[in-house]
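Every number in this text was worked out from the coordinates using simple rules, so none of it is lab data. Values in this document were obtained by computation on a predicted structure and should not be read as measured data. Quick reminder, even Gly has a Cβ in these numbers, built from the backbone with ideal geometry, and neighbours come from all protein chains shown.
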Amino acid sequence: MMKILIKNAKAIVTCNDSDQVLFDSDILLNGKEIEAIGHDLSADGAKVIDAHKMFVYPGLINTHHHFLQAFTRSIPQLQQATLFDWLIFMYEVWTLVDPEHVYYSSLVGMSELVKYGCTTAFDHHFCFPQGVDKVLIDRQMTAAEQVGIRYHAGRSCFTLTHKDGGLPPDVLGETVDEFIKDCDRLIDTYHEYDRFGMKRVVVAPCSPFSVTDDTITEAVKLARSKKVRMHSHLAEAPDETVYMRDRHNMTSLEWAQKLGFIGPDIWYAHGICFSDDEVRILGETQTGVAHCPVSNMKTCAGFMKLPLMKKYDVPVGLAVDGYGAQDGSNLLGEIRMAYLMHRMNANHQEAPSGYECLKLATRGSARVLGRDDVGSLEVGKAADLFMIDVDRLEYAGGLLDPGAFPAVVGYNRPVEMTIINGKIVWENGVLHGIDEEAVKAKANEIAKRVYSSGVYARETARMDKKYAK
Ligand SMILES: [Zn+2]
């Protein structure tokens, strides 16, 4: 495998246990792995990269997303909608989803992540319309391979639909058996258990208001027998709290606990509506949470109790959430959002620092995904990193604290280079794995198809009526 020698980096933010930042230093990548970090490194035959203008960071890790929403975002009628109104609209439009939609929306989402320094992505794909070939996760795996991103595919489902009191329409429903069998197939086909594995599978029922209790218990049984991780939305917004009280007379976490869906091999998305005592339980059980600041703000869901989660040592990672709730796929920008958001709801000492927000997206996210091979720049860790050129007029005087730089100064543009698994996948504005122009044309064509469909026209008219002033 090729060696890459990154020379004279202006700063290397390692995110290691000692939180070391190294100045004017080198990193030697040997194939998938970091071989050395230090001064005056050399390696015969290595590709040498001059990094004297660069800050170098561990690759970012995204812990919650819905790529399929790339072609259902920024919809005017939904910008003021509640979570449940938004979902009910979306479910109808997602009945149009097919393998091509999933493949191209995944290419769009993965590419944007990579452009902004993300090297490991998780996606939560829940939409399997009846009659559509169940190759949707398979198409995502192909997309990930082409883009070159390290990919954790969440196989989700809807097993509680309209007819049984769930939120999604019946046409998106699957049986528990269909769901479990497909998870089993995907794990056997794709899950790479070994260190530096590029493809992993997560058993990921969608949410408390769209899956049955036995979906959860069967998911736990399968995932633990196969030694893979589990995921779901939980305690996302006040709408869910009301639904769970009315349907189950319990909170979302009480429901999860009752079904055994809690523990160190599980992480929940959002986790807004937990009580203080429930946050303590998350810490005790080492159950993780994917924090999605932009989504939480945009959907008026509220503040995740990040300072309390830190106190109880809850594993927390950072995430962009799906396009529908975020409209973008930029995890680098999310670091600054996390930093600023908690300044509004906590005192100066309790709110996370800029560097702590970077660590949410690196070490924190790695912990949430159950990986100890990514998330920091150390010898023996994966060769996953990104570099930014800070030798620009706008950053003059702002370079004192490289660890805090993305959060505090707010670097929010495509990075100079992203390396994943020892390969340069994004460099000087070029994605090496795909033909960006061709993908863009096809993606726009699919989005146009969605927005000119009858179901879209029907749902936008319904929302116009509902929210008419
Ligand atoms: Zn989500």
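Worth pointing out:
- Amide H partners (placed H, <5 Å) of Cys157, local residues excluded: Cys206
- Across the stretch 348-469, the relative contact order, built from alpha-carbon pairs under 8 Å that are at least six residues apart, equals 19 percent.
- Under 5 Å from the amide H of Leu234 lie the amide H atoms of Ala269, Gly271, each residue being 5 or more positions distant or on a separate chain, with H modelled from the backbone and absent for Pro and chain starts.
- Dipole magnitude of the chain, debye to nearest 20 (Cβ charges: Lys/Arg +1, Asp/Glu -1, about Cα centre): 500 debye
- Across the stretch 60-368, the relative contact order, built from alpha-carbon pairs under 8 Å that are at least six residues apart, equals 19 percent.
- Tensor-based shape of the stretch 387-469 (alpha-carbon gyration tensor, a/c under 1.5 rounded, otherwise prolate or oblate): oblate
- Note on the chain: helix-only mean residue ellipticity at 222 nm, from DSSP H runs of 4+ residues weighted -39500 (n - 2.57) and normalised by residue number, equals -10500 deg cm²/dmol.
- Qualifying chymotrypsin sites (Phe, Trp or Tyr not before Pro) in the stretch 159-220, where qualification requires a DSSP coil assignment and no more than 13 other C-beta atoms within 10 Å, comprise Tyr193.
- Computed 3J(HN,Hα) for the stretch 287-294, one whole-Hz value per residue from the Karplus formula 6.51 cos²θ - 1.76 cosθ + 1.60 where θ = phi - 60°, is 7, x, 9, 8, 8, 10, x, 5, glycine and proline marked x.
- With all pairs of different C-alpha atoms in the average, the Kirkwood value for the hydrodynamic radius of the chain is 22.4 Å.
- Inter-part distance, the stretch 168-220 to the stretch 286-331, computed on C-alpha centroids, equals 22 Å.
- A full extension of the chain between Glu437 and Ser453 corresponds to an added length of 3.3 nm, given 0.36 nm per residue minus the alpha carbon distance.
- Antiparallel bridges, percent of DSSP beta bridges restricted to the chain (to nearest 5): 45 percent
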